[in-house]
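Below you'll find the structure, written out as structure tokens, and then a few comments.
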Amino acid sequence: MRFKFLGTGTSQGVPPIAYEGGGLNLACAKNWRTRTSAHVEMAGKHVQIDAGPEFRMQCLNCGVDWIDLFLLTHGHADHIAGMDDLRRFCDRLPDNVIDVYSNDYGLERIAAMFPYAMKGKPTERGYPCFNAMKMPEVLDLGKSGRISSVVLPHGPVETLGLVFESGGAKIAYYTDCKELPQRAIELARGADVLVLDALKLKKHPSHMTIYEAIDYAAGIGAKVSYFTHTTCHIDYEVWEEKLPEGMHIAYDGLVLEV
Ligand SMILES: [Zn+2]
Ligand SMILES: [Zn+2]
């Protein structure tokens with residue numbers, strides 16, 4: 001599998017508008033983070049996870065030119081706001097419709113924000129069209145592998161945790177979560193790559209701190225773990241030095257092959 005981190009920043013992006021804080025070295029390109037999203041290539045199937053406000057530029061920067069299916073982890077604006085730009089991918093698909101999977105909250109937000117994309121076919125030439133479905137516990141992609149999903153608590157809402165398996169490799173992707181339920185931990189066991197939410201240093205009601213993420217990563221013991229959805233409180237170079245072996249801060253444009 002090929003896994004691309006398109007964006008690795010928190011909901012406001014890093015740095016946020018009118019950033020006045022210190023501590024983040026803006027001369028380091030890896031500290032400039034767009035909203036969190038990722039792209040997974042599974043034996044020829046191209047799967048896009050989330051589409052935030054910078055989705056179009058992320059696709060251009062990371063060479064994403066085809067999407068077979070779209071997974072929305074949850075309906076927060078930093079993950080859903082760029083979905084209109086799926087129009088370009090709809091243009092390239094048969095019937096100009098893209099399969100979209102999410103949880104109840106995500107599907108509700110998609111219908112509220114993009115009602116014109118829910119009509120079964122594009123309402124105007126070039127408009128997006130979503131075939132929106134509830135994400136099953138296991139989505140079988142035949143020869144390309146399978147994607148398992150698990151419910152993750154995220155403050156007042158829930159997020160889809162996603163585990164990708166293809167060609168004997170496994171990648172677990174758990175963004176936007178306050179903690180990992182036992183099922184999520186079990187599903188991630190034996191992963192080649194584990195991606196975890198690690199918002200900042202201080203406790204937060206709906207995200208994990210970097211310390212909580214380190215503890216979960218150590219317990220799961222993936223070959224390598226990456227922390228994403230980080231705020232301006234986490235400087236790339238400072239934390240890369242501090243993190244235990246096999247753990248890293250993810251950055252925009254990072255590509256992994258497993
Ligand atoms: Zn988020
Ligand atoms: Zn969120």
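Any read-out appearing in this document is the output of simple, stated calculations on the displayed coordinates, not a laboratory observation. Source: prediction; values computed, not measured. All Cβ positions, glycine included, derive from the backbone under ideal geometry; neighbour counts span all protein chains shown.
Per-structure values
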| quantity | calculated |
| --- | --- |
| Rg [Å, one decimal], Dmax [Å, integer] - the chain, C-alpha atoms | 17.3, 52 |
| Burial ranking of peptide ranges 150-160, 20-30 (average Cβ count within 10 Å, highest at the top) | 150-160, 20-30 |
| Percent RCO, i.e. relative contact order, over the chain, from Cα pairs under 8 Å lying at least 6 residues apart | 19 |
| Separation in nanometres of the label points that stand 7 Å from Cα toward Cβ, at Ile17 and Ile185 | 4.1 |
| Most to least packed among 127-135, 11-19 [average Cβ atoms within 10 Å] | 127-135, 11-19 |
| Relative contact order for segment 93-238, counting Cα pairs under 8 Å that sit 6 or more residues apart, in percent | 16 |
| Sum of side-chain charges, Tyr216 neighbourhood, beta-carbon under 13 Å (Lys, Arg +1; Asp, Glu -1) | -3 |
| Between helix 210-220 and the chain: long-axis angle, C-alpha atoms, 0 to 90°, nearest 10 | 80 |
| Degrees, to the nearest 10: 104-113 long Cα axis against longest axis of the chain | 60 |
| Relative contact order (percent, whole number), segment 158-258, Cα cutoff 8 Å, 6+ residue spacing | 23 |
| Enclosed volume per residue, in Å³, of the convex hull spanned by Cα atoms of segment 65-124 | 81 |
| Packing-based ranking, highest mean first, of 201-212, 216-227, 169-180 given that Cβ atoms within 10 Å are counted | 169-180, 216-227, 201-212 |
| Theoretical gain in end-to-end length, Glu237 to Asp104 [0.36 nm per residue, Cα-Cα removed] | 44.1 nm |
